[in-house]
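Okay, structure first, notes after.
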Amino acid sequence: MTNSNNEINDCTELAELAELRQEVVYLRRICENSLGRLLLADTQGIAIRHELEQKRRGMSLMADLAMALRPGSDYESAFTSVSRRINAALSMQRTAVLVREPDGLFRVSILQGYEAQEQADLTDKRLLIDEASLHPQSPILITGADPDSRMADLRQALALPYLIACPVRLHDKIVAILVTGRLIESPPFLPRLTSSDLETVQTVSAYLAAMLTGQLLEKEEAQKRDLEEIMQTVFRASLDGYLVWDSGRMERISPGALKLLELESSEEFLENYSAYGLTEAHLNGAYRRVLTEGRFREELLLRTKSGQLAPCELTYLPLNLRHTSCLLSYVRDLREQKKNEEALLLAKEQAEVAAKAKSAFLANMSHEIRTPMNAIAGLAHLIYDDNLNQIQKDYLAQIEDSFKSLLRIVNDVLEYSTMTARKMTLETTVFRLDEALAAVIRGNQPPAAAKGLRLILAEPAPADLYLTGDPVRLKQILNILLDNAVKFTYKGEVTVAVTEVGRSQGASGQGQVTFQFAVTDTGIGFPPEEATKLFSAFSQQDNSSTRIFGGTGLGLAIAKELVEMMGGEIRAQGQPGQGSVFSFTARFLLARPVDLDKGQTLQAKASELRENFQGARILLVEDNKVNQLVARKLLEKAGIVVTIADNGLKALEKVKAQEFDLVLMDIQMPEMDGLEATRQIRSQAEFATLPILAMTAHALSDDRELSFKAGMNGHLTKPINVKELFVTLGEWISAK
Amino acid sequence: MQVGVGYSDNPVTIMAGIQAAMEAIKNAARSRPCDLALMFSTSSHNAHTLREAVASVIGRSAPIVGGGATGAIANHKFGYSGDQIIVALFWLDEVTFQLEVEGGLRENEEATGWELGSKLRDKVRDFRKPVLLFYDAINREADKVSMIMATPLLKGFEDGLGFMPNLIGAGLQGDYVASPTWQWTGGGVAQHHSLALTFGGSIQMDSVIMHGCRPATGYYTVTKADRQIILEINGQPALDFMSQLLGHLIPPESFPFFLILGINKGERWGEFNEENYASRLCLALDLERRGIVMFEPDMVAGTEFQVMFRSLDLDYIPPRIESLFSGLRNCQPTFALYINCAGRAAAYSGADQEDAITVQNAVAGRVPLLGIYSGVEIAAVRGRPRGLDWTGVFALFSVPR
């Protein structure tokens, strides 16, 4: 039994053991089957915790940035702070900031996580990035799942295969791109970048943009405040003031304007501005005008607190204040300016009086000089007789030369004075250029020949060329140049050359022609640096030349003025000892051929006419006894019957008492001057056609004008040019 | 002995060094220059610049010892995978120290260990005295990375010294992607070096290991291995065996830095005791040989192991730290060192909370705390120091009251 009991027990234990073994195997299977699930919970926990940690770091990064980016931080420091922290915070290996340049390229600006050499190579490199691929709502995420070709240039340039690129926008413009990423994908520590990482970087860049925008706005606000402060300071310091008018209400007045009106507080003005000369109606009118015309300006009399009237200049402008269009008016006190203007006006009047006095003085001097000169010249002329011996003839010739020199000097001085006073005008008559040139050559031939010099006209001007201009002034210019050339040349020749340099259409549609005239000599020349000085008034090469050669030194200055009046330029070229060339251009109108009877020389005409004067009756009105004598003798020599009246009053009596063919009328006389006498003669119908010629020492062009206005037919100046006298007489006496 | 700890995560290296050093001095409130500095930083900082920055604050007489860490933990701050730097300054007073440094790890870990141990043979005679062993855990040549092993280093060290002292330590790395890392060797900066810092005088170091892993299976046996590569388990190719065991929910590519194997040094079927387990972490896969690559080469043929799962709550930590404080009796705690596996950071472990915070709370400001995130942790399992994975090693330094 015992054995069987033992056997039963053994069997039971074996069965239990087998059962236990089965249970262990069963439990082991269950355990192992659950192992995957158990560890899966681990992996899921890791994933969730990892993402949470990334988010926590993103938040922490933004908190850090808020601390790091102080007001006033610029782009550079903001981006530097971000890029420094982003690698650590988001487990990135490399971060770069690409700043947008004006040309649209992106400059590599800040690099973190790069080796020193890589940084040196990459910094400031410019990259072309397609901005269309940088949509703010979908920034770029590149992982190992993307093809290598995707954004290959950017990845290669930044040596960053896996990256997130987020644009940073200010005012809807991309100012930079934040690029951050990893070199490898190595789970679990550097897993593949996910949309969660992208969201974090996107949030950081949006936060950065918001912060920068805020700073920008703060900066703009600060700049506005600065500007306002500057404006206020300027206005406080300025003598000018301003007013602001808004829809029927005076809004503001500046301290400058208050001071002008002698006010101490704005309230005084704002409450009762019309008391100071600014009415509501006037300002409303100005407001309407500004709205339609824009800025405008007016002068207005304002009234100060003490009642003084203050002339002011008000400049009105539209002003947008709090989105309302207002009227801004700058107020400038004109009291000081008006005072200055009055002073200027007074000074101008005084200057004009002085100028008139100067003109009168010149006229008087002219008259006073010419009167005795007339006597000298006339008497010398009267003395001249074929019966004189050679010595007497030589003396008379020298008197005549001296007379001519003196006359030239007087004329130069008067002429230059007239020019500088801008009183001279050019004549416009039709003339032939070839004749004008021939006359100049002919006139200068004697002095040239006297010095053994050849005077040559290089090429005659075309005979059929008719011009409209002032031949007298043209000849005057040429005479000045030729006179100088002959004066400063001892041997050789003086050449005159004329070249046409251009034709054009004048304003009136008439053809214009420009000539260049050149006077070349083989004389003493001058240093080139003196060329421009020669044309200054009272300037000669040096003082010694004045002593040696005489003259006023005004000739070239007069020539220059005349040339410029003719629309030309004058210049001088020379070398010491090698002669000189004076050239000028002058512009004339082209004219149609006309009968130029005047082509006949005055000399010939005078001789011819003199024969026709036999028995003619002339009333000579002259107060100066010597001049009476000279004129009478000259006229009587031509067979003219001369009656003398000492002044205008007596002339009136004479013309009424007897008949005359012509009256020669002096201007400046006692009792009644020649102008008045002429007017009175002309006022009587019977003397309407009586020729009256002024014969006066008043040689200025104004005087000529006055003579014609008084009713005279001609104007002869003293000293009397005998030939001119007889030609003129011939025109009127023969006509009669 | 007095210690002051300073922390910074300033991305500007000079500023980071200065800030951390100044904070350490401020926290110690000592006027004279310190005697020794322990310093760890992530590899985002330039090692030379950082050393200069710290030296400019603490002076050039105190040796600066330390190296890379993937993060740092102080009493009230912590961070990882960024720009962290932590400095502990020591005013040793009645305590002495000895620093020995040896290079050549890349060529032969065991020889380096032996040289290092030999240098200390005449200087360290008391096996109870604390030894801190730090070494460069990264061997990177161009794109090829391999880990430098603690196991041969420790073997060589024990052989060179003649015994295994009271040792804890860390295999150092500066980031999670195994960038080259540097060591501060007292007076300079070097690579692939091992440093042994021993303390003498009346100093005591007590440590605990914490991994929070529990066995999820019975025992399996490594039947074939080549250094740190397990080639076969229970006679089957290791990768295939493990894939079959874990099923399709955990694909093999998830194994690296996730799969933890536990080696129980205690009673085979006894009550679970964390102290008895050495955790072993999968580093990579050897697809060609169907093998599983581990951090350390100590899972040789015949090693029995269990598959472990992680505890997602960290309640296991405070009592273990508290046990050290409460066990001090007549000693005064002066400094705490926490060497934490880089993978235990919450972002990579899935823990509900950062274990760094749990440790900080447990320390509760009673001593200055210097913690680092490391590649490999070294601490004693059942009295014998060894390289560990997925482990937090907490050491409390104390001196007699």
**Item:** Sulfur and carbon atoms: percent of accessible area, chain B [1.4 Å]
**Value:** 49
**Item:** Relative contact order computed over chain A (Cα-Cα under 8 Å; 6+ residues apart), in percent
**Value:** 7
**Prompt:** So how do A:672-683, A:266-277 stack up, highest first, on mean other-Cβ count within 10 Å?
**Reply:** A:672-683, A:266-277
**Prompt:** Which of the residues in the range A:42-64 show a loss of at least 30 Å² in accessible area from their chain by itself to the complete set of protein chains, at a probe of 1.4 Å?
**Reply:** A:42, A:43, A:46, A:49, A:50, A:53, A:57
**Item:** Selected from B:185, A:439, B:380, residue furthest toward positive end of dipole (the protein assembly as shown; charges at beta carbon)
**Value:** A:439
**Fill in**
Counting all Cα-Cα pairs in the range A:238-333, those more than 20 Å apart amount in percent to 28
**Message:** I want to check the label-to-label distance for residue A:361 and residue B:273. Put each point 7 Å from Cα in the C-beta direction and report it in nm to one decimal.
**Reply:** 13.6
**GNM flexibility winner over chain B from B:160, B:79, B:59 (Cα, springs under 10 Å)** = B:59
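Roughly how many debye, to the nearest 20, is the charge dipole of the range A:285-362 about its Cα centre, given +1 on each Lys and Arg Cβ, -1 on each Asp and Glu Cβ, and no other charges?
So the dipole magnitude of the range A:285-362 works out to roughly 220 debye.
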**Request:** Go ahead and run the numbers for FRET between residue A:565 and residue A:288, Cβ-Cβ distance against an R0 of 56 Å, rounding to 0.05.
**Result:** 0.65
**Item:** Residue mean of other protein chain beta carbons inside 10 Å, A:177-190
**Value:** 3
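So for each of B:191-199, A:339-347 I average, over its residues, the number of other beta carbons within 10 Å; can you give me the resulting order with the highest mean first?
Details: B:191-199: 23.6, A:339-347: 10.2.
The peptides rank, most packed first, as B:191-199, A:339-347.
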**Message:** On alpha carbon coordinates alone, what is the Rg over Rh value for the range A:425-596, Rh being the Kirkwood radius?
**Reply:** 0.98
**Complete:** Here the range A:652-698 gives, from Cα atoms, an Rg and Dmax in Å of 10.2, 29
**Complete:** Cα pairs beyond 33 Å in chain B, in percent, come to 27
**Request:** For every helix of n ≥ 4 consecutive DSSP H residues, a contribution of -39,500 (n - 2.57) applies; sum these over chain A, divide by its total residues, and give [θ] at 222 nm rounded to the nearest 500 deg cm²/dmol.
**Result:** -16500 deg cm²/dmol
**Prompt:** Considering protein heavy atoms only and a 1.4 Å probe radius, which residues within the range A:77-120 exhibit an accessible-area decrease of no less than 10 Å² in the full assembly relative to the chain by itself?
**Reply:** A:84, A:85, A:88, A:91, A:93
**Prompt:** Round to a whole number: what % of the accessible area of chain A belongs to carbon and sulfur, probe 1.4 Å?
**Reply:** 53
**Prompt:** Which ³J(HN,Hα) values, rounded to whole Hz and listed in residue order, are derived for the range A:170-178 from phi using the Karplus coefficients 6.51, -1.76 and 1.60 in 6.51 cos²θ - 1.76 cosθ + 1.60 with θ = phi - 60°, glycine and proline given as x?
**Reply:** 10, 6, 6, 10, 6, 9, 6, 10, 9
**Request:** Provide the net charge surrounding residue A:34, with neighbours chosen by a C-beta distance below 14 Å and charges set as Lys +1, Arg +1, Asp -1, Glu -1.
**Result:** +2
**Asked** If you add up the charges near residue A:207, with Lys and Arg at +1 and Asp and Glu at -1, over every other residue whose beta carbon is less than 13 angstrom from its beta carbon, what do you get?
**Response** 0
**Message:** Please list, ordered by chain and number, the residues whose modelled amide H lies under 5 Å from the amide H of residue A:110; skip anything fewer than 5 residues away on the same chain.
**Reply:** A:97
**Item:** Computed helical MRE - 222 nm, chain B, DSSP H runs ≥ 4 contributing -39500 (n - 2.57), nearest 500
**Value:** -6000 deg cm²/dmol
**Request:** Mind checking B:323-335 for the average number of partner chain beta-carbons within 10 Å of each residue's beta-carbon?
**Result:** 0
**Item:** Amide H contacts under 5 Å for residue A:717, placed H, 5+ residues apart
**Value:** A:696
**Item:** the protein assembly as shown, accessible area per residue, ligands and nucleic acids excluded (1.4 Å, Å²)
**Value:** 47
**Message:** Restricting to bridges with both residues inside the protein assembly as shown, how much of the DSSP beta-bridge set is antiparallel, in percent to the nearest 5?
**Reply:** 80
**Request:** Just name one of A:269, A:281, A:243: the one whose Cα is farthest towards the positive end of the charge dipole of the range A:238-294 (beta-carbon charges, Lys/Arg +1, Asp/Glu -1).
**Result:** A:281
**Magnitude of the charge dipole, the protein assembly as shown, Cβ model with Lys/Arg +1 and Asp/Glu -1, debye to 20** = 2520
**Item:** Backbone HN-Hα couplings from phi across the range A:8-13 [Karplus 6.51/-1.76/1.60, Hz, Gly and Pro as x]
**Value:** 4, 4, 4, 4, 5, 4
**Prompt:** If you take every DSSP beta bridge whose two residues both sit in chain B, what share of them, in percent to the nearest 5, is antiparallel?
**Reply:** 85
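Counting alpha carbon pairs within less than 8 Å and at least 6 residues apart, what relative contact order, in whole percent, applies to the range A:1-152? Please report the intermediate quantities before stating the final value.
Values: 92 pairs, mean separation 16.9, N = 152.
Worked out over the range A:1-152, it gives 11 percent.
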**Request:** Apply the Karplus parameterisation 6.51 cos²θ - 1.76 cosθ + 1.60, with θ equal to phi minus 60°, to every residue of the range B:150-155 and state each ³J(HN,Hα) to the nearest whole Hz, in sequence, with x for glycine and proline.
**Result:** 7, 4, x, 4, 5, 4
**Asked** Among residues other than residue B:141 whose Cβ falls under 13 Å from its Cβ, what is the net charge (Lys/Arg +1, Asp/Glu -1)?
**Response** +1
**Prompt:** How much accessible surface does residue A:289 have with a 1.4 Å probe, in Å² rounded to 10?
**Reply:** 100
**Item:** Area buried, chain A against chain B - accessible surface, total, 1.4 angstrom probe, square angstrom
**Value:** 2700
**Item:** the range B:244-310: GluC sites (Glu not before Pro) in DSSP loop, at most 10 other beta carbons within 10 Å
**Value:** B:267, B:271, B:288
**Message:** Relative contact order of the range A:238-333, please, whole-number percent, based on alpha carbon pairs below 8 angstrom and at least 6 residues apart.
**Reply:** 31
**Average beta-carbon neighbours from other chains, 10 Å sphere, peptide B:344-352** = 6
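The values are calculated or read from the model by the stated rules, or taken from the named source; none is laboratory data. Just so it is clear, the model here is predicted, and its values are computed rather than measured. Note: ideal-geometry Cβ built from the backbone for every residue, glycine included; neighbour counts use all protein chains shown. Note: accessible area is taken over every heavy atom of the protein model, side chains too, but ligands, DNA and RNA are not part of it. Shrake-Rupley method; radii C 1.70, N 1.55, O 1.52, S 1.80 Å.
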